[in-house]
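One structure is given here, and the rest of the page talks about it.
Only the coordinates and a few stated rules stand behind these numbers; no lab work does. Just so you know, these numbers come straight off a predicted model, no measurement behind them. Reconstructed Cβ throughout: ideal geometry from the backbone, glycine too, with neighbour counts over all protein chains shown.
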Amino acid sequence: MIETYINDVLHRQYMTAKTKTLNVRITEKQYKELEDLVERGEYTSMGEFIRELLRKKFDEFASYLHEKAEKDRESHIPLEEYGKSRGLE
């Protein structure tokens, strides 16, 4: 399914590098599937479908970062306390 494929591409982009451009190559079959979604009226355009997928991925990624920041905050030791524990007063 086209949604699964694009989700996989987006996941790799998030986990491997920062980028300003996202290039996605799809097969003719996947393109036809995307056209069918638009023709059935589920989306007004292919761009709308892709933007919705991007929004979902950004939301998931933001949630992941928030959870990671919370865990990091819990395990964070203030610099002054760290210095004292190492005898570096």
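The phi-based Karplus calculation (6.51 cos²θ - 1.76 cosθ + 1.60; θ = phi - 60°) puts the 3J(HN,Hα) values of the stretch 39-55 at 4, 6, x, 5, 9, 7, 7, 5, x, 4, 4, 5, 4, 5, 4, 4, 4 Hz, whole numbers, x for Gly and Pro.
Sort 49-59, 25-35, 73-83 by the packing proxy (mean of other Cβ within 10 Å over each peptide's residues), most packed first. It would help to have the intermediate numbers written out before the result.
Numbers: 49-59: 13.7, 25-35: 12.1, 73-83: 9.1.
By packing density, highest mean first, the sequence is 49-59, 25-35, 73-83.
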